Amino acid sequence: MTIEAVWKAESARLIAAIARVTGDIGIAEELAQDALVTALEVWPEQGIPENPSAWLMMAAKRRAIDSLRRSRMLGQKHEEITRELESQQQRLGEAMDHALDQVIDDDVLRLIFTACHPVLAVEARIALTLRLIGGLTTSEIARAFLVPEKTIGQRISRAKKTLAEAHVPFETPRGDDLRRRVDSVLSVVYLVFNEGYTATSGDEWMRASLCDDALRLGRIIVQLLPGEPEVHALLALMELNASRAAARRGPNGEAVLLPEQNRALWDQAQIHRGIAALEQAQKLGGGAGNYALQAAIVACHARARTLAETDWERIVLLYDALYQISPSPIVALNRAVAVSMAQGPAAGLEALDAAAGLADYYLFPSVRGDLLMKMNRLPEAHQEIQRAIALTQNLREQHLLRDRLKQVEAELRAKA
């Protein structure tokens with residue numbers, strides 16, 4: 001195992017354990033990073049220790065005690081101050097010695113809730129979560145979201161400052177607050193996954209590493225909150241969607257949509273994991289939740305051996321249920337696509353045009369153009385696809401739409 005792999009596996013536990021002692025995740029991360037620097041200096045020569053967590057904690061403890069000594073001495077040599085310093089060093093050392101012997105899972109859960117605290121803006125929650133729990137560097141997060149490293153660094157710095165100034169406690173919320181905070185955590189993880197699954201901009205259709213990071217976070221949260229149905233449901237949704245990853249990209253990285261995908265490339269093991277997680281969510285009484293309904297829709301696709309065998313009528317019903325609890329233009333758009341598959345393109349177009357709030361969303365003219373093509377209304381289809389190209393920021397999707405535009409133009413020429 002490489003040092004980088006050890007860090008990604010152990011950093012959340014280390015930061016969480018230190019934060020329990022210090023009560024400040026900013027200080028905890030600094031100490032953990034100092035321990036990592038020491039490891040980078042020592043491990044290449046001595047090898048990775050048998051217990052990396054304990055080694056890193058000991059390095060962080062030494063750094064904490066050194067920092068305490070420097071901050072308190074300040075040239076003062078009085079015996080009383082020296083005794084107090086020694087007492088504080090002993091208490092700090094003992095606390096950090098015992099930190100990794102405590103229930104680490106609880107600490108990691110506290111760290112997740114702190115990083116995803118509603119006092120932070122969504123972008124800050126995402127950056128801080130990937131940094132503290134995902135173990136990603138600032139540059140890795142910046143590359144993943146195609147923003148300057150300085151911007152991500154500022155988000156993380158401001159987030160830690162905001163948490164400190166708001167005196168956010170390092171604790172697991174209780175009662176009604178737990179439910180609200182779980183929703184915040186899950187939304188952060190799902191936003192990370194979605195950005196990886198279909199990148200909003202740039203020249204890549206997918207960013208697989210972000211999907212992997214979100215899945216890893218989801219699996220951690222399932223272990224920490226096994227009784228929460230929506231936690232299992234979100235993991236199910238991500239596993240089922242990720243199972244299609246290999247089929248969603250062509251040999252040159254081009255986007256491949258569901259109807260054209262080679263289903264032999266779908267990861268069956270991941271599909272089984274996803275369906276098992278969905279069944280667990282349903283057993284816990286969460287089958288009608290937001291993520292569970294979305295997962296059930298993806299499960300319909302996963303169970304179908306071909307596009308023709310897909311139970312589109314059931315998918316329409318699931319979208320109806322989803323719209324009842326989570327009405328949004330995107331749900332309405334996806335429902336319209338399902339209606340078109342179940343009842344024909346004319347019915348789908350009617351459902352799509354009835355949806356509000358989609359005028360500036362690139363998938364609206366994209367889907368509308370596709371349905372108009374199927375209805376042989378080619379001039380209208382040409383106009384809609386052009387509008388979709390102008391709205392999308394992802395180069396792979398632009399290429400996909402331009403290919404569709406060429407197809408329409410060829411058919412128009414043939415009819416001329």
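When you filter the GluC sites (Glu not before Pro) in the stretch 277-340 for DSSP loop state and at most 14 other Cβ atoms inside 10 Å of their Cβ, you are left with Glu309.
Using C-alpha pairs under 8 Å with a sequence gap of at least 6, the mean separation divided by the residue count of the stretch 237-305 gives a relative contact order of 39 percent. Label-to-label distance, Gln407 versus Glu165, with points set 7 angstrom from Cα along the beta-carbon direction: 5.3 nm. Here Ile3 and Glu254 are evaluated by their C-beta separation; at R0 = 25 Å the FRET efficiency comes out at 0.10. Under the simplified labelling scheme, the Arg179-Val37 pair shows an inter-label distance of 4.6 nm, with each label point 7 Å from Cα along Cα→Cβ. Under the simplified labelling scheme, the Arg303-Arg219 pair shows an inter-label distance of 2.6 nm, with each label point 7 Å from Cα along Cα→Cβ.
Surface analysis of the stretch 217-289 yields an accessible area of 43 Å² per residue, using protein heavy atoms and a 1.4 Å probe. For the listed peptides 407-413, 392-398, 364-370, a ranking on the average number of other beta carbons within 10 Å per residue, highest first, reads 364-370, 392-398, 407-413. The long axis of helix 25-46 is offset from the longest Cα principal axis of the chain by roughly 80 degrees. Annotation for the stretch 282-357: trypsin sites (Lys or Arg not before Pro) lying in DSSP loop with at most 15 further Cβ atoms inside 10 Å of their Cβ are Arg305. Note on Asn51/Lys283: beta-carbon distance plugged into 1/(1 + (r/R0)^6) with R0 of 35 Å gives a FRET efficiency of 0.45.
Summary value for the stretch 183-333: 19 percent relative contact order, contacts being C-alpha pairs under 8 angstrom separated by 6+ residues.
Accessible surface of the stretch 129-249, 1.4 Å probe: 51 percent of it comes from carbon and sulfur atoms.
Please report the projected area of the stretch 235-275's Cα convex hull averaged over all directions, in nm².
Numbers: hull surface 11.3 nm².
If you wrap the Cα atoms of the stretch 235-275 in a convex hull and average its projections, you get 2.8 nm².
Rounded to the nearest whole Å², what accessible area per residue is found for the stretch 1-59 with the 1.4 Å probe?
Working: 2790 Å² over 59 residues.
I get 47 Å² per residue for the stretch 1-59.
Using a Gaussian network model of the chain in which every pair of alpha carbons under 10 angstrom is joined by a spring, one finds that among Leu293, Leu136, Leu40 the greatest mean-square fluctuation is at Leu40. Summary value for the chain: 11 percent relative contact order, contacts being C-alpha pairs under 8 angstrom separated by 6+ residues. Using just its DSSP H runs of length 4 or more, each adding -39500 (n - 2.57), the chain gives a mean residue ellipticity at 222 nm of -24000 deg cm²/dmol after division by all residues. Carbon-plus-sulfur accessible fraction, the stretch 284-325 (probe radius 1.4 Å, protein heavy atoms only): 53%. What does a probe at Ala269 reach in the stretch 231-252, counting residues whose amide N is under 14 Å from the point 7 Å along Cα→Cβ? Residues 243 fall inside that zone.
Rounded, prolate or oblate, given the Cα gyration tensor of the stretch 287-332, with a/c below 1.5 counting as rounded?
prolate
Highest average first, the peptides 21-31, 170-180, 344-354 ordered by how many other beta carbon atoms sit within 10 Å of their residues are 21-31, 344-354, 170-180.
Taking the solvent-accessible surface of protein heavy atoms with a 1.4 Å probe, what is the per residue accessible area of the stretch 314-416 in Å²?
Here the per-residue accessible area is 52 Å².
The C-alpha atoms of the chain define a longest principal axis, and helix 312-325 lies at about 50 degrees to it.
Compute the Cα gyration tensor for the chain, then decide on rounded, prolate or oblate, letting a ≥ b ≥ c be the square roots of its eigenvalues: rounded whenever a/c is under 1.5, prolate when a/b is larger than b/c in the other cases, and oblate in all that remain. Here the chain falls in the prolate category.
P(r) for the stretch 125-202, from all Cα pairs and a bin width of 10 Å, is 17, 44, 31, 8, 0 %, short bins first. Under 1.5 on a/c is rounded, so check that first for the stretch 357-416, then, if it is not, pick prolate when a/b is larger than b/c and oblate when it is not; a ≥ b ≥ c are the square roots of the alpha carbon gyration tensor eigenvalues. Oblate is the answer for the stretch 357-416, as a/c is 1.5 or above yet b/c matches or exceeds a/b.
The values are calculated or read from the model by the stated rules, or taken from the named source; none is laboratory data. It should be emphasised that the depicted structure is a prediction, and the values quoted were computed from it without experimental measurement. When we count neighbours, we look across all protein chains shown, and the Cβ atoms used for this are built from the backbone with ideal geometry, even at glycine. Side chains are part of the model used for accessible areas, which takes the heavy atoms of the whole protein and leaves out ligands, DNA and RNA. Shrake-Rupley method; radii C 1.70, N 1.55, O 1.52, S 1.80 Å.
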